[in-house]
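Right, one structure below, let's go through it.
The values are calculated or read from the model by the stated rules, or taken from the named source; none is laboratory data. In this text the structure is predicted, and so the values were computed from the model without any measurement. With ideal geometry, Cβ positions are generated from the backbone for all residues, glycine too; neighbour counts draw on all protein chains shown. Each accessible area value is taken on the protein alone, full model and side chains, heavy atoms only, with ligands, DNA and RNA left out. Shrake-Rupley method; radii C 1.70, N 1.55, O 1.52, S 1.80 Å.
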Amino acid sequence: PSKIAVPFVKEHHYSGTVSNTSALHFGCFLDDKLHGVMSFGSPMDKSKVLPLVQPCLWNEMLELNRMAFDDYLPKNSESRCISIAIKLIKKNAPHIKWIISYADGCQCGDGTIYRASGFVLTGIKQNTTMLLMPNGEIVADKTLNNDNYKKIGQSAGYWKKRGAKPIEGKQLRYIYLIDKTCQITVPILPFSLIDELGAG
């Protein structure tokens, strides 16, 4: 449940935040304690990502938007947990056809766990969305551009004029097809491109 997942993610995820769209949480337990959380939900801008896989209806995909694990678990636990979570989704929510996730090469990593879990790489782009604020905090521009911040006049544009700067680095997009009859509509990129573009 979110009341257990959310505090764990805030404590152990590099961003210190949870996604407002997270609706489904899986916990990884060992020796009667929680040591990992994977949170799934709708993407922030679903209309943009739906065309990446066809056929796909509005409710037929999920984003893995947070993965947070402590250091207690044995090696390869993250990829094993992703595999089990996907099997549970396939069994209990058979309408879900695919999963999208992003690796933050600016702050965290380039998606080693996704590659080990059978995801394919479908995008590498320069970061323009994660801002280093004047006080040192890191905030997504989508957060600042929501209605709450706009109402008080503190959108991403407002903060960029006051010294907020995009963090240097790349963002990588990964897709996992649960329904193998679906087609990915964008090129699948070789993993070697990560090093070639300095995106690691």
All positions within the range 139-154 that are out of contact with any strand residue (DSSP E or B) (no Cβ under 7 Å at 6 or more places or on another chain) and either open to solvent by less than 30 Å² (accessible area, probe 1.4 Å) or assigned to a helix (DSSP H, G or I) (or both): K142, T143, L144, D147, N148, Y149, K150, K151
Out of the residues in the range 23-58 that are of a type in the set (G, A, S), open to solvent by less than 70 Å² (accessible area, probe 1.4 Å) and in a strand (DSSP E or B), which is nearest to T185 (Cα to Cα)? G41
Output for Cβ contacts, cut-off 6 Å, separation at least six or different chains, first residue closer than 19 Å to T128 by Cβ in the range 171-184, second open to solvent by 50 Å² or more (accessible area, probe 1.4 Å), reads Q171/Y102; Q171/K125; R173/Y102
Looking only at residues that are under 18 Å from the mean Cα position of the chain (by Cα), open to solvent by 40 Å² or more (accessible area, probe 1.4 Å) and closer than 28 Å to L88 by Cα in the range 155-187, which one is modelled with the highest pLDDT? Y176
Quick check: anything in the range 8-22 exposed (fewer than 13 other Cβ atoms within 10 Å of the Cβ), in a helix (DSSP H, G or I) and among the charged types (D, E, K, R)? yes
Among (1) within 23 Å of G41 (Cβ to Cβ); (2) of a type in the set (F, W, Y); (3) in a helix (DSSP H, G or I), the one test that W159 misses: (1)
Of all residues in the range 128-138, which are touching a Pro at 6+ places or on another chain (Cβ under 7 Å) and surrounded by 14 or more Cβ atoms within 10 Å (Cβ to Cβ)? M130, L131
Candidates G123, G136 - the one that is within 15 Å of I194 (Cα to Cα) and either of a type outside the set (K, R) or assigned to a strand (DSSP E or B) (or both): G123
Would a scan of the range 59-69 turn up a residue that is touching a helix residue (DSSP H, G or I) at 6+ places or on another chain (Cβ under 8 Å), within 20 Å of I188 (Cβ to Cβ), outside any strand (DSSP E or B) and open to solvent by less than 10 Å² (accessible area, probe 1.4 Å)? no
Taking the range 39-73 and keeping only residues that are closer than 20 Å to R115 by Cβ and in contact (Cβ under 8 Å) with a residue 40 or more places away in the chain, one is left with F40, V49, L52, V53, E63, N65, R66, M67, A68, F69, L73
Working carefully through the options I96, I82, I4, find the one that is crowded, with 18+ Cβ neighbours inside 10 Å and either assigned to a helix (DSSP H, G or I) or of a type in the set (G, A, S) (or both). I82
Give the number of residues within the range 103-127 that are within 24 Å of I82 (Cβ to Cβ), of a type in the set (S, T, N, Q) and open to solvent by 40 Å² or more (accessible area, probe 1.4 Å). 2
